[in-house]
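Everything below concerns the one structure shown next.
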């Protein structure tokens, strides 16, 4: 019996390392299986380093979740997303474009609706900023706001100083500054009209202070239409700037107009807040100034065209929805939104974020009245889009082939083919 007991003990001692090893291997395997791997797609190829930092911050807080950033070329992103959703290979977390560009994925049911219950961070954003990721078909929110854009006027401070000019406080003062530059032999505005989407930017930048929020509300509800005198007047005002454009402006595209301004060959550039960091990166000696389109009367209300530039959504068919929601809620936090604002130079709409960039501070002035960027926010959901109709028409206006009234009539005719409020 003693020999038998000794034999059993010996077997146990010999077997113990393998049992412990097997147990450890199983535990390691279990831990590996427990770690969730998320994918995050975006069109922001230039922001890889920043998002990798955000992901590191997240993974430090949630060590059981890893995130892989998958950026695609900007011009290919919508097509890639559509193919991935249809093929069942879309990422867990999706960087979405705004308004009509995201709607093509929300309407078919590819995206998970977000609420303050599954993403508490949504409470930090107002309805205007949430609108970029809210479906017009079911009124559900599908994305955490990424950034907003505003339309502004840049000017060369050195040129202003040389000519004794100051920032205009009224529209007429702005026109007088343009006249002063032209008289001095300096191109007043670098903008050309060859690039259609930039022509639309001009209309939004200048026109918002002419037609204001009331027109946006009334035209989107069908109370009025695009032949409204306020919209005609907005196009007239934009067209009044053509004497101050460069010679041969009809053939000057987006890149060329940027270069004219960057290289000090023009006094102003009319565009978006997104231009500031690029301008300075191309010419560190550029003494860059910026102001909001001035009002008609000194001390009058100042209006600024505004729109959301995208949001972060969740793939409805993701096998890791809970973790994807955790990541999206992390992106909605004040710390991450502040980090993105500081690093990318973008304006986030999180209520507690304080912009540090001097240019962002200009467009964050609480006295400014935000006017939705008309065609993008209201009429870029079906074909022909309001944007395509406006871009075609405004080029006809700039060339002298069409009047403002004719452009407005064409826009109304095109949008009315599908827009139900215009079919009463």
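The numbers here are math on the coordinates, done by the rules we state, and not lab data. Treat the numbers as computed from the prediction; the structure is a model and nothing was measured. Note that we place each Cβ from the backbone using ideal geometry, even for glycine, and neighbour counts take in every protein chain shown.
Checking the a/c ratio against 1.5 first, then a/b against b/c, what shape does the Cα gyration tensor give for segment 220-317? If you can, show how the numbers build up before the last one.
Values: a/c = 1.73, a/b = 1.14, b/c = 1.52.
Here segment 220-317 falls in the oblate category.
Using the 10 angstrom Cβ neighbour count as an exposure proxy, how do 56, 387 rank, fewest first? Let's see the in-between values first.
Working: 56 11, 387 19.
Lowest count first: 56, 387.
Once you place label points 7 Å from the Cα toward the Cβ at residue 291 and residue 169, how far apart are they in nm?
1.0
Quick check: the distance between the Cα centres of segment 277-295 and segment 148-196, to the nearest angstrom?
Each part's Cα centre sits 12 Å from the other's.
Calculate, in nm to one decimal, what residue 89 and residue 76 gain on full extension: separation in residues at 0.36 nm each, minus their alpha carbon distance.
Extra length available between residue 89 and residue 76 comes to 3.1 nm.
Could you compute Rg(Cα) / (2.2 N^0.38 Å) for segment 134-257, with N its residue count? Display every interim value, and only then the final one.
On the way: Rg = 17.7 Å, N = 124, 2.2 N^0.38 = 13.7 Å.
Rounded to two decimals, the normalised Rg is 1.29.
Among the DSSP beta bridges whose two residues both lie in the chain, what percent are antiparallel, rounded to the nearest 5? Working shown, then result.
Working: 22 of 37 bridges.
If we restrict to bridges inside the chain, about 60 percent are antiparallel.
May I ask you to derive the relative contact order of segment 92-181, considering only C-alpha pairs under 8 Å and at least 6 residues apart, and to give it as an integer percent?
Dividing the mean separation by the residue count of segment 92-181 yields 22 percent.
Residue 250 to residue 62: FRET efficiency via 1/(1 + (r/R0)^6), r the Cβ-Cβ distance, R0 56 Å, to the nearest 0.05?
Efficiency for this residue pair is about 0.55.
Any idea how far apart residue 236 and residue 422 come out in nm if each label point goes 7 Å out from Cα toward Cβ?
2.2
If you find the alpha carbon centre of segment 89-137 and of segment 210-235, how far apart are they in angstrom?
Answer, in whole Å: 28.
With contacts defined as alpha carbon pairs under 8 Å and 6 or more residues apart, what's the relative contact order of the chain in percent?
Once divided by the residue count of the chain, the mean separation gives 23 percent.
Where a ≥ b ≥ c are the square roots of the eigenvalues of the C-alpha gyration tensor, would you call segment 301-390 rounded, which needs a/c under 1.5, or, failing that, prolate if a/b is larger than b/c, or oblate?
Cα axes put segment 301-390 in the oblate bin.
For a test of the definition: using alpha carbon positions, the gyration tensor, and the 1.5 limit on a/c, classify segment 69-114 as rounded, prolate or oblate.
Rounded is the answer for segment 69-114, as its axis ratio a/c remains below 1.5.
What does the helix-only formula give at 222 nm for the chain: each DSSP H stretch with n ≥ 4 adding -39500 (n - 2.57), the total divided by the residues, and the result rounded to the nearest 500 deg cm²/dmol? Don't skip to the answer; put the middle values down first.
Working: 17 runs with 202 residues, N = 424.
Taking each H run of at least 4 residues, the total per residue is -14500 deg cm²/dmol.
If R₀ is 30 angstrom, what is the calculated FRET efficiency for the pair residue 354 and residue 317, using the beta carbon separation as r and rounding to 0.05?
Working: r = 38 Å, r/R0 = 1.26.
The value I calculate is 0.20.
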